[in-house]
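Worksheet: one structure, shown below.
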Amino acid sequence: MSRFRMYPTPAQQAALLEQCRHARYMWNLALEQWSMWTRDKGPVPGFAEQCRQLTEGRAEFAWLRAGSQIVQQQALRDFDQAAKSFYAGTHRRPTWRKAGRHEGFRIVGPRASRVVKLNRKWARVLVPKVGWVRFRLSRAVPAAKSYRVTRDPAGRWHLAFAAIPPPIPAPGTGEEVGVDRGITVSAALSTGERLTCPGLSKREAERLKRLQRRLSRCCRGSNRRHRVKAAIAKLYARAGDRRKDWVEKTSTDLATRFDVIRVEDLRIAQLTRRPKPKPDPDRRGGYLPNRRRAKAGLNRGVLANGWGSLVARLEDKAPGRVEKVDPAYTSQTCSVCGHRASENRENKAVFRCTACGHRANADVNAAVNIAAGRAVSARRETPVRVSPKREPQHATSA
């Protein structure tokens, strides 16, 4: 995926938002038809039948005819693919798209290749019903047959071309590395390197807290609340951009330097799941105070360090060279003598083996165990699992 920042004029922004509304309307309409369809009506209408219904709707309604037919058809095609992925068991059930959160549409066909380079830094792309829109040339424009226009909550417009870059070749040195992911240290390598994902600065974090307090005092639907939400979205977008930049640079560096990359086999979705409330034995029908507030801090730390995105980008750039190791007891096992005990961890940062006296950083010691494949379960030695080759994501969701 090649992503560029767009700079539309105010009039073009209004036209782009109109196209986003048409794409969102077609998606929600197809979702409503798919959800309310019953077996006595026959087979569920597919993409071809929905396109025929779209043609009839465009002939009857002028507001629908004013939008781009390509945008509306591609929204139906995207939903058809989402429904097929749901039945195949690879994705979740399609959900409703909401204004302000799902702003985007896709363009395919000859119009997708109509890109004109203006100079070394700028180019423009032809968007149906909008015109020529400028975007910043941060990298070379790939030869793609489709592109997607999206708008993030911070109000920034992006242009993503559907192009799959080639994987990074292995250096051929035979070197292996283990990566231990954490909260304080985002990624500790078995070579002794400790990498930290950049986030918001102390001053930005204080500003975010003030804005969130101000947001709680704003009236719903007011202009003041809209301005405060936009300011908060800009700070979150800034932190997300820094995290994505760090993930891209770190994954490229690891895929270039090492032949085999071993990581912990962690399930991020389950790690960041809210805890279930526990029933109170003293109160009938009551529940004990849950640990959501304490767990929320851990969840924010896990997501802010990009645990899942780092491994996903490693699998994209180094397919077949990423091995997942069972994380059980990797932080309690000595990387020198192999002694395992909970007393080996003096604290979260220091590891000291009670058998041989080996002393090292706790995260680096765990990374060495991961690099050696020392994932000892409670019953047996668990072999490493090679991550299968996966197709990288080449387009953003609308």
(message) What is the distance in Å between the Cα centroid of the range 247-319 and that of the range 69-93?
(response) 28 Å
(message) Of Asn28, Val368, Val260, which is farthest towards the positive pole of the chain's charge dipole, taken about the Cα centre with +1 and -1 on the beta-carbons of Lys, Arg and Asp, Glu respectively?
(response) Asn28
(request) Please work out the Cα convex hull volume for the range 5-47 and give it in Å³ per residue. (result) 78 Å³
(request) Calculate how many DSSP beta bridges within the chain are antiparallel, expressed in % of all such bridges and rounded to the nearest 5. (result) 85 percent
(message) Please flag any cysteine in the chain that has no other cysteine's Cβ under 4.7 angstrom from its own Cβ.
(response) Cys20, Cys51, Cys197, Cys218, Cys219
(message) Among Gly109, Trp37, Gly297, which residue has its Cα furthest toward the positive end of the charge dipole of the chain, with +1 on Lys/Arg Cβ and -1 on Asp/Glu Cβ?
(response) Gly297
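Could you pull out the chymotrypsin sites (Phe, Trp or Tyr not before Pro) across the range 1-79 that fall in loop regions by DSSP (anything but H, G, I, E, B) with no more than 15 other Cβ atoms inside 10 Å?
Trp37, Phe61
Only Lys, Arg, Asp and Glu count, each charged at its Cβ (+1, +1, -1, -1), so figure out the dipole size of the chain about its Cα centre, rounded to 20 debye.
2060 debye
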(message) Filter Lys84/Lys317; Lys209/Lys234; Lys209/Lys348; Lys209/Lys229; Lys117/Lys145; Lys202/Lys234 down to the pairs with a C-alpha to C-alpha distance above 19 Å, please.
(response) Lys84/Lys317; Lys209/Lys348
(request) Using only alpha carbons, build the gyration tensor for the range 176-386 and give me the equivalent ellipsoid semi-axes, biggest first, whole Å. (result) 36, 25, 16
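Given the -39500 (n - 2.57) contribution per DSSP H run of 4+ residues, what per-residue ellipticity at 222 nm results for the chain, rounded to the nearest 500 deg cm²/dmol?
Estimated from H runs of four or more residues: -12500 deg cm²/dmol.
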(request) Quote the charge dipole size of the range 119-273 about the Cα centre in Debye, to the nearest 20; the model charges only the Cβ of Lys and Arg (+1) and of Asp and Glu (-1). (result) 1900 debye
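Quick note: the coordinates plus some simple rules give every number you see, no bench work behind them. In this text the structure is predicted, and so the values were computed from the model without any measurement. All Cβ positions, glycine included, derive from the backbone under ideal geometry; neighbour counts span all protein chains shown.
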